[in-house]
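First the structure, in the form of structure tokens, and then the observations on it.
The values are calculated or read from the model by the stated rules, or taken from the named source; none is laboratory data. This is a predicted model, so every value here is computed, not measured. Note that each Cβ is placed from the backbone with ideal geometry, even for glycine, and that neighbours are counted across all protein chains shown. SASA here: full protein model, heavy atoms, side chains in, ligands and nucleic acids out. Shrake-Rupley method; radii C 1.70, N 1.55, O 1.52, S 1.80 Å.
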Amino acid sequence: MSDSFTPVVAGSALGSKAAPAVTPKNIPNRGGPANPSAQAIAQQFAGAVVRADVIWGETIVVVDRARVHDIIQWLHDDPSQRYDYLSDVTAVEFRDLEQPIEVVWQLRSLPYRRFLRVKVLLEKGATLDVPSVWDIYKGADWLERECYDMFGITFTGHPDLRRLLMWEQYAEGYPLRKDFPLRGRFSRSEQLRQALAANPEARYSKEELSIADAFEDLPAEMKRRLATGERTGE
Amino acid sequence: MGLSPRPEPTFKELSGNEPWITTKLDQFVNWGRKNSLWPMPFGTACCAIEFMATAASDYDLARFGMERQAFSPRQADLLICAGRVPFKLAPVLRRIWQQMPQPKWCISMGACASSGGMFDNYAVVQGIDSIIPVDVYVPGCPPRPEGLLYGILMLQKKIEHERSGDKTLRQEMEPDPTTQLYIPPAVIDEVSEPFGNSVHQTRSGL
Amino acid sequence: MATKKRTVEVELSTTGLDAEGRPKRVPFVVDENGAPVAVEAPPSIEPDLDAEHMLINIGPQHPATHGVLRLVLELDGETVVRCIPHIGYLHCGFEKIGEYRQYNQIIPWTDREDYLNSPGNNVAFALGAERLFGIEMTERCKVLRVMACEMSRIISHLVWLGTTCIDIGAFTPFLWAFQQRERIYNILEAWIGARLTTTLTRVGGMGADLPDAALEHLAAFVNGFPKVVDEIDRVVTRNGIWVGRTVGLGVMSPEEAVNYGLSGPMARASGVAFDVRKDFPYLDYETYDFDVPVGTNGDVYDRFLVRMEELRQSTRILEQAIKRLPDGPVNVDDHRVILPPKSKATSDMESMIHHFKQVMEGPRPPIGESYVALESPKGEKGYYMVSDGSSKPVRWRIRPPSFVNLSAISRMVEGHLLSDVIAINASIDIVMGEIDR
């Protein structure tokens, strides 16, 4: 039985004189009070900020891909920022194919009760590759895997970047890309055929078995299945 | 194509040629079977919650003999597929069906299990009847508990009219060994085609 | 006379395999008359417990995984050394199809995604869309939405309670919980016509106004519900089996909880006092008088206590909402987003044109994006919408709380026993519809 934890209170860094949080009302489309972190990033990382906007009350900072990991690390560590909570990692592709793909990090600072959106623009034709923030936030694990699965964006530094929602050998592509049709690339019977070709009893992916030291002791049947590269359907 | 041909029923129409003892025996066996179906809820999504509500005290499945819900397919006779089935889950559903011993029946509960429902996209099987043979389709999104109960009563009626002389009833449908499909691909494509309004909903933007 | 022993080798149909993968053989000794003879037991080899770990598979079809979740566990005896969860068995392309639907057409999709919290999801999406459109809702609509959110919290926690009790072995609270859910279902059905997948809100308002009879039923429910919670409390909370099976399991420290992105009761049980209703309020939650329970041990028992207390607090909020429900219009008076009444749409030319534009094309928000987060029963539920000026969003992103909460399961079950895995999994309160989308 563990000892009791001391509660970590959101808003603790604001002090007792701070105004209580209220429901935002009458938010303008553009403009309005910006999150002070946007200014702080521009000061700390000169030249890394491409653009900073306030859209519907939310501050969005578009930064350089090369420095985004450092910026997020600084946002996490710096005592005046303390963005300790990662809400989301996702990507946006626009219908207008000239526009770049945006990779979006939504960060919250619980002690300061702030919300910030950090973006990186990946120009069309560039490799879809951004640094992973798994070393800063463990919660980024599955969020980045899903982004890879749906968009094909590689997160360098992620310990285990595999498909998460589709099965590992999914051949149709990256579903949330705009050039991926809604109903998929293959015909329904072909999709069903590919899905049914997986053997649910083959059970374990190569990744899982590579970590088990007892490969030699596996039954011959299973070793044969692995050797022939049989699909596990996950 | 390699598919096992759909067997022709060997059963003769009930025209007085059936021996009395066989019909009585059939009635007795069917009465026993229909009143003691052990459902296996293959519950995936929202319909599973309505199934749980049907099994709970207000709508009570136990009064139909379905008190004991089997979660192991080996011990079940009724597979209730409640919820949407994506392609990743399709081989699992096929394997669960194959693991069930005869006699077995299947209820496809909800719009998504019956036809893909509102999920006409890359990820969802457009009706589980392309994977496993279905006896009763219960429409609804999700079907009300009364709807599911009506479907179960329809299945009971169907079981009531089974005849032991009809050998085709208990034959296991074998899929084509190369493609694992037991319906020709052209038929699957045809029934999965969007129709009505959803034909126009492939436009993104405006 | 000495019996002549004859050894007959028998191949059994289901037996272990030896190292070469051949079935092990069991010697069967008979004497010359064919009668079996007792032999000494062969020396049993002590299994080397350090060398071999077992890989077992739970799911995806399994009653205790709360949906189609597959857990692959590496076991050392009965203790879990490593857990690898596999999801995606309910991936249905929600976010993709959101790009092909108008904003009001997406609301039925939000029901199916976290299907235990349908009204709450509807409210969350409507708030996000209204932020994107720049619309302020009416006062009556705000209170109705608070009611919807709290009713939704109650029904979600009741499902969690019922199914967790079943997992740990207590069947009766499941029946009690579902009985209470039926009463909320009746209220929702009187309000909007549907029990589970409600599609309660529209952009700019609600699908229907709350009838007075439904309001009375809700007041009656709020009166009677705390007694039911007390009854469940009495049989479960201080029960020796329950406490024995839940205390000390799956502990997450507050710093870990924040770093893993846990939210909702999972984070609060670990001592993180973060509730979106209090810290980033919406729907005027700062004007309601309610407490947020925060645990101190971060184990399964604390999560249970937090959710039980949240049931009581939700009832408290509902009481206040019922008292303060103002009269007035439910929908905002904006012809760009709200359909005109049918009588006017079929007689007045301008209304007909508005109706036509809204149905055929759909309301179009200005170019922009918004992220609105709500406190769903599972945690921080966010909808991120990006608009390019057309009637269908460019990107509809669902930030699913159970997805992030479940990713911590590998950390939580390490070192625990196999039966604890079920209890820990139940305590996360997952909904696969939301996780896989």
Problem set entry | Placed amide H near C:Leu262: partners under 5 Å, 5+ positions off or other chain | none
Exercise. Quick one: accessible area per residue over chain B, 1.4 Å probe, rounded to a whole number of Å²?
Worked result: 46 Å²
Exercise. Roughly how much accessible area, to the nearest 100 Å², goes out of reach of solvent when A and B pair up, both sides summed, probe 1.4 Å?
Worked result: 2300 Å²
Seminar exercise, completed: Quick P(r) readout (the range A:26-165; Cα-Cα; 5 Å bins; whole %) gives 2, 10, 20, 23, 21, 14, 8, 2, 0
Problem set entry | Buried accessible area, chains B and C (both chains, 1.4 Å probe, Å² to nearest 100) | 3500 Å²
For this session: Give the whole-number value, in cubic angstrom per residue, of the convex hull volume spanned by the C-alpha atoms of the range C:305-437.
Result: 166 Å³
Exercise. Normalised by the number of residues in the range C:102-436, what is the relative contact order in percent for Cα pairs under 8 Å and 6+ residues apart?
Worked result: 25 percent
Exercise. Averaged over peptide C:365-371, how many Cβ atoms belonging to another chain are found within 10 Å of each residue's Cβ?
Worked result: 6
Seminar exercise, completed: Note, C:Thr201: beta-carbon cut-off 10 Å, +1 each Lys/Arg, -1 each Asp/Glu, net +1
Problem set entry | nm² value of the averaged projected area, convex hull over the Cα atoms of the range A:82-155 | 5.0 nm²
Problem set entry | Modelled label reach - C:Met54, point 7 Å along Cα→Cβ, the range C:165-203 residues with backbone N closer than 19 Å | none
Exercise. Based on the Cβ-Cβ distance from C:Asn186 to C:Met360, what FRET efficiency comes out when R0 is 56 Å, to the nearest 0.05?
Worked result: 0.95
Exercise. Counting only the heavy atoms of the protein chains, how much of B:Arg95 is accessible to a 1.4 Å probe, in Å² to the nearest 10?
Worked result: 60 Å²
Seminar exercise, completed: Kirkwood calc, the range C:163-250, C-alpha pairs only, radius in angstrom 15.3 Å
For this session: Quick one: which residues, 5 or more positions from B:Gly43 or on another chain, have an amide H under 5 Å from its amide H? H modelled 1.01 Å from N in the peptide plane, none for Pro or chain starts.
Result: B:Ala82
For this session: Using Cα positions and a limit of under 13 Å, work out the aspartates and glutamates in reach of B:Lys104, with same-chain residues fewer than 8 apart set aside.
Result: B:Asp77, B:Asp135, B:Glu162, B:Glu172
For this session: List the relative contact order of the range A:1-67 as a percent without decimals, with contacts defined as Cα pairs under 8 Å and 6+ residues apart.
Result: 27 percent
For this session: Mind scanning A:Lys124/C:Lys357; B:Lys88/C:Lys357; B:Lys88/C:Lys278; A:Lys138/A:Lys178; A:Lys119/C:Lys378; C:Lys96/C:Lys142 and naming the pairs with a C-alpha gap bigger than 32 Å?
Result: A:Lys124/C:Lys357; B:Lys88/C:Lys357; B:Lys88/C:Lys278
Exercise. Per the Kirkwood formula on distinct C-alpha pairs, the Rh of the range C:287-372 is how many angstrom?
Worked result: 17.6 Å
For this session: Keeping the other protein chains in place, figure out the carbon and sulfur percent of the accessible area of the protein assembly as shown, with a 1.4 Å probe.
Result: 55 percent
For this session: Quick one: among C:Val337, C:Val235, C:Val421, which has the greatest mean-square fluctuation in a GNM of chain C with alpha-carbon springs under 10 angstrom?
Result: C:Val235
For this session: Apply the Kirkwood formula to the protein assembly as shown: the hydrodynamic radius equals the inverse of the mean of 1/r over all pairs of different alpha-carbon atoms; give it in Å with one decimal.
Result: 29.3 Å
Seminar exercise, completed: Along the dipole axis of chain C (charges at Cβ: +1 for Lys and Arg, -1 for Asp and Glu; origin at the Cα centre), the most positive-end residue among C:Tyr371, C:Leu218, C:Val300 is C:Leu218
Problem set entry | Zone residues, the range C:174-189, relative to C:Val235, backbone N less than 18 Å from point 7 Å out along Cα-to-Cβ | C:174-183
Exercise. Taking the Cβ of B:Asp60 as the center, what net charge do the other residues with Cβ under 13 Å away carry, scoring Lys and Arg +1 and Asp and Glu -1?
Worked result: -3
Exercise. When you look at the Cβ of every residue in A:20-26, what mean number of other chain Cβ atoms sits within 10 Å?
Worked result: 5
For this session: Report the semi-axes of the equivalent ellipsoid for chain C in whole Å, largest first, where each axis is √(5λ) for an eigenvalue λ of the Cα gyration tensor.
Result: 54, 25, 20
For this session: Could you check which residue among C:Val306, C:Val236, C:Val80 shows the biggest mean-square fluctuation in a GNM of chain C with a 10 Å Cα cutoff?
Result: C:Val236
Exercise. If you stretched the chain out fully between A:Thr6 and A:Ala197, how much longer would it get, using 0.36 nm times the residue separation minus the C-alpha to C-alpha distance?
Worked result: 63.6 nm
For this session: Using a 1.4 angstrom probe, figure out how much accessible area the range A:26-165 has per residue, in square angstrom, rounded to the nearest whole.
Result: 36 Å²
Seminar exercise, completed: Eigenvalues of the alpha-carbon gyration tensor of the range B:51-195, times 5 and square-rooted, give semi-axes in Å, largest first, of 24, 20, 14
Problem set entry | DSSP-defined beta bridges in the range B:16-155 - what % are antiparallel, rounded to 5 | 5 percent
Problem set entry | Hypothetical label at A:Val50: residues of the range C:353-375 whose amide nitrogen lies under 19 Å (7 Å Cα-Cβ projection) | C:368-370
For this session: Leaving out ligands, DNA and RNA, calculate the buried accessible area for the pair A and C with a 1.4 Å probe, summed over both sides, in Å² to the nearest 100.
Result: 6600 Å²
For this session: Report the extension gain between B:Tyr150 and B:Val187 in nm, rounded to one decimal, defined as 0.36 nm multiplied by the number of residues separating them, less their alpha carbon distance.
Result: 10.4 nm
Seminar exercise, completed: To the nearest 20 debye, the range A:26-165 has a Cα-centred charge dipole, built from +1 on Lys and Arg Cβ and -1 on Asp and Glu Cβ, of 340 debye
